[in-house]
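Visitor: Just dropping this structure here.
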Amino acid sequence: MNFTDVVVTTLVTVLTAVVAFVGNEIKKNEQARTIFNVLEPLAKDAVVAAQKLGVTEYLTGVAKKNHAVQTVVQALSNAGFTVKDEQIIVNAVEQAYAKQRDLLKQYPQKDKGAD
């Protein structure tokens, strides 16, 4: 066996180990990928729902944000997922709000003193 054969055999062995390790890590993180994939649409829907709620009852911006965050948390929980760092959900809700500002303007918000 010459030097080139040894190098090729070593590289193939290392690459096989690396691919197996990465494959196992991907399987472990499948739940995280699923949450990542559903978080954006859930946040968008929750923001719109919170904004629509503000049409019929007075809600501050903070109250609408909290409502949207809790809606996303509950939806994930109902699907069997938990997110330990709620800041991830808060960020997704804030991003959804920023991306949908024009859409959200079509829902006039109830004034504080209105019945």
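Visitor: Do the sum for the chain: with -39,500 (n - 2.57) for every DSSP H run of n ≥ 4, divided by all residues, what is the mean residue ellipticity at 222 nm, to the nearest 500 deg cm²/dmol?
Guide: Mean residue ellipticity at 222 nm (helix-derived): -26000 deg cm²/dmol.
Visitor: Next question, about the same structure. In debye, nearest 20: dipole of the chain around its Cα centre with unit charges on the Cβ of K, R (+) and D, E (-)?
Guide: Here the size comes out at about 300 debye.
Visitor: Put a dot 7 Å past each Cα toward the Cβ at THR9 and LYS52; how far apart are the dots in nm?
Guide: Here the modelled spin labels are 6.7 nm apart.
Visitor: I'd like to compare 74-83, 92-101: which one has the highest average count of other Cβ atoms within 10 Å, and what's the full order after that?
Guide: Output ranking for 74-83, 92-101: 92-101, 74-83.
Visitor: Scan (1) 1.21; (2) 0.95; (3) 1.36 for the value of Rg/Rh (Cα atoms, Kirkwood Rh) calculated from this model and give just the label.
Guide: (3)
Visitor: Continuing with this model, one more query. Could you compute the net charge surrounding GLU40? Neighbours are other residues with a C-beta less than 14 Å from the C-beta of GLU40; K and R count +1, D and E count -1.
Guide: The answer is +1.
Visitor: Moving on. How large is ³J(HN,Hα), in whole Hz, for each residue of region 45-61 in order, when computed from phi with the Karplus curve 6.51 cos²θ - 1.76 cosθ + 1.60 and θ = phi - 60°, using x for Gly and Pro?
Guide: Each residue's phi maps through the Karplus curve to give 5, 5, 5, 5, 4, 5, 5, 5, 4, x, 6, 9, 9, 6, 9, 6, x Hz.
Visitor: Could you tell me the calculated FRET efficiency between GLU86 and VAL18, based on Cβ-Cβ distance and R0 = 30 angstrom, to the nearest 0.05?
Guide: Computed FRET efficiency for GLU86 and VAL18 comes out at 0.30.
Here, each number is a calculation from the coordinates, and none is a lab measurement. Note that the structure is predicted; figures quoted are calculated from it, not measured. Cβ sites come from the backbone with ideal geometry, for glycine too, and all protein chains shown count toward neighbours.
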